């Protein structure tokens with residue numbers, strides 16, 4: 001049996017609650033019931049064994065360089081383009097549009113504190129759902 005050794009994926013944030021609520025909207029993972037606005041650490045708990053949570057830890061220094069790690073998101077419902085528009089409405093910024101006329105490609109976004117994420121086509125758009 002395979003056991004996933006990754007417990008959390010951790011983000012440093014000036015405002016952990018703000019960034020966590022954005023990522024909650026991205027992933028559907030709820031904020032842990034013990035965590036509230038103003039806490040120095042906020043956990044998004046997927047509630048699924050073997051699936052890492054997202055942990056947001058407060059830091060004092062703003063991000064100064066491009067992160068070398070980002071998450072690729074495949075929307076579980078809807079389309080890539082609907083997801084891009086929804087996340088922009090929640091405070092994301094479109095950094096690089098790599099969507100192609102044939103429907104392939106992805107969009108590179110930044111969350112409200114500049115952490116990058118890529119939005120890919122959904123399984124349905126790929127003909128897998």
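Every number here is computed from the coordinates shown, using simple stated rules; none is lab data. On a predicted model such as this, the values are computed, not experimentally measured, just so you know.
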* To do: Equivalent ellipsoid semi-axes for region 8-60, as square roots of 5 times the alpha carbon gyration tensor eigenvalues: give them largest first, rounded to whole Å.
  => 17, 11, 10
* Asked: Which of these, 65, 107, 92, has the largest mean-square fluctuation under a Gaussian network model of the chain (Cα springs below 10 Å)?
  -> 65
* **DSSP-defined beta bridges in the chain - what % are antiparallel, rounded to 5** => 60 percent
* To do: Springs between alpha-carbon atoms under 10 Å, Gaussian network over the chain: tell me which of 42, 73, 119 tops the mean-square fluctuations.
  => 73
* State the Cα centre-to-centre distance between region 24-84 and region 104-129 in whole Å. => 15 Å
* Asked: So how long is each side of region 75-129 along the principal axes, counting just the alpha-carbon atoms, biggest first, in Å?
  -> 34, 20, 15
* Which value in deg cm²/dmol, rounded to the nearest 500, describes the helix-derived mean residue ellipticity at 222 nm for the chain, given -39,500 (n - 2.57) per DSSP H run of n ≥ 4 and division by the residue count? -> -5000 deg cm²/dmol
* Asked: Given Cα pairs under 8 Å that are at least 6 residues apart, what percent is the relative contact order of region 69-129?
  -> 42 percent
* Structure fact -> Gyration tensor on Cα atoms of the chain, a ≥ b ≥ c root eigenvalues, a/c under 1.5 rounded, else prolate if a/b beats b/c, else oblate, says oblate
* Asked: By how many degrees, 0 to 90 and rounded to 10, does the Cα axis of helix 16-27 deviate from the longest principal axis of the chain?
  -> 30 degrees
* To do: Could you grab the relative contact order for the chain? Cα pairs under 8 Å, six or more apart, rounded to a whole percent.
  => 23 percent
* Asked: Relative contact order for region 8-60 using alpha-carbon pairs under 8 Å, separation at least 6, rounded to a whole percent?
  -> 47 percent
* Nearest 10 degrees, 0 to 90: what angle lies between the long axis of helix 80-89 and the longest principal axis of the chain (Cα atoms)? -> 40 degrees
